Amino acid sequence: AQKVTQAQTEISVVEKEDVTLDCVYETRDTTYYLFWYKQPPSGELVFLIRRNSFDEQNEISGRYSWNFQKSTSSFNFTITASQVVDSAVYFCALSYAGNNRKLIWGLGTSLAVNP
Amino acid sequence: NAGVMQNPRHLVRRRGQEARLRCSPMKGHSHVYWYRQLPEEGLKFMVYLQKENIIDESGMPKERFSAEFPKEGPSILRIQQVVRGDSAAYFCASSPPNRGAETQYFGPGTRLLVL
């Protein structure tokens, strides 16, 4: 069975601090995809990144970076120099690589960035 | 290129009424997924459809819930005889049939409130 665990329910930081959101997953598949989505207070779900299980290269996009480690089944997300606009709930998700790409979700981490 | 459209954005129903939620996928996308976000429970997969076919409905309650994605027109998630426990945010996501199918793009969601 597939499972995604986001152990941090809520995180509160002060603006400009760095913050890392943890994600640990379980799967028996050798090929799969990992995702991060952002849900701001307005409620929509915004796609941030997709990572293929064969690609362990870390990725950086502006202030965002992702660390994928298959050895520990983790796909952590770091925000550098956080800003108030980063306040949101962040979800990690996992999908099969076959025809059915339904997402298995973590419970989310609520990030509050305070001025 | 318009994103995934969902309507209505907010829907209020009394117990026993029917709720119809609509989802228009992005242009060129023929795969639709429905998810439900219940308070304190996170996001859960409900159903995966392709044009005129239900591929996976394993996450959908057996009673009162149905979904369709006709050849023409939007995908519809229908809830009959709603109960208070159906109050949730319902998200639709779409993906293309081939290249890029790994990533799902979400609509703004429909917030259903059952009185």
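Only the coordinates and a few stated rules stand behind these numbers; no lab work does. None of these values were measured; they are calculated from a predicted model. Note that we place each Cβ from the backbone using ideal geometry, even for glycine, and neighbour counts take in every protein chain shown.
Below are the figures for this structure:
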quantity	calculated
24 Å Cα-Cα reach of A:LYS102 towards lysines, excluding residues that sit fewer than 8 places from it in its own chain	A:LYS3, A:LYS38, A:LYS70, B:LYS27, B:LYS44, B:LYS51, B:LYS62, B:LYS71
Using a Förster distance of 22 Å, the FRET efficiency for B:GLN50-B:MET5 (Cβ separation, nearest 0.05)	0.75
Label-to-label distance, nm, for residues given as B:GLU18 and A:VAL24 (7 Å Cα→Cβ offset)	4.7
Average Cα contact separation per residue, the range B:18-115, under 8 Å, 6 or more apart, as relative contact order %	32
For the range B:28-53 versus the range A:20-65, the gap between their alpha-carbon centres in whole angstrom	19
Dipole in debye (nearest 20) - chain B, about Cα centre, beta carbon charges: Lys, Arg +1; Asp, Glu -1	400
Cα-only Debye scattering, chain B: base-10 log of I(q)/I(0) at q = 0.09 Å⁻¹	-0.21
Separation of the A:THR80 and A:ASN99 label points, Cα + 7 Å toward Cβ, nm	4.4
Whole-Hz couplings from phi, Karplus 6.51/-1.76/1.60, listed for the range A:24-34; x for Gly and Pro	10, 10, 10, 7, 9, 6, 8, 10, 7, 10, 10
Net charge, A:TYR96 excluded, C-beta distance under 15 Å - Lys, Arg +1, Asp, Glu -1	+2
Options B:SER30, B:GLN6, B:TYR48, ranked by Cα towards positive dipole end of chain B, top entry (Cβ charges)	B:GLN6
The range A:1-112, relative contact order [Cα under 8 Å, separation at least 6], %	37
Chain lengthening between A:GLU15 and A:SER61 when straightened (0.36 nm per residue, less Cα-Cα)	14.7 nm
For the protein assembly as shown, convex hull volume per residue from C-alpha positions, Å³	129
Inter-chain shielding of A:95-104 (mean C-beta neighbours from other protein chains, 10 Å cut-off)	5
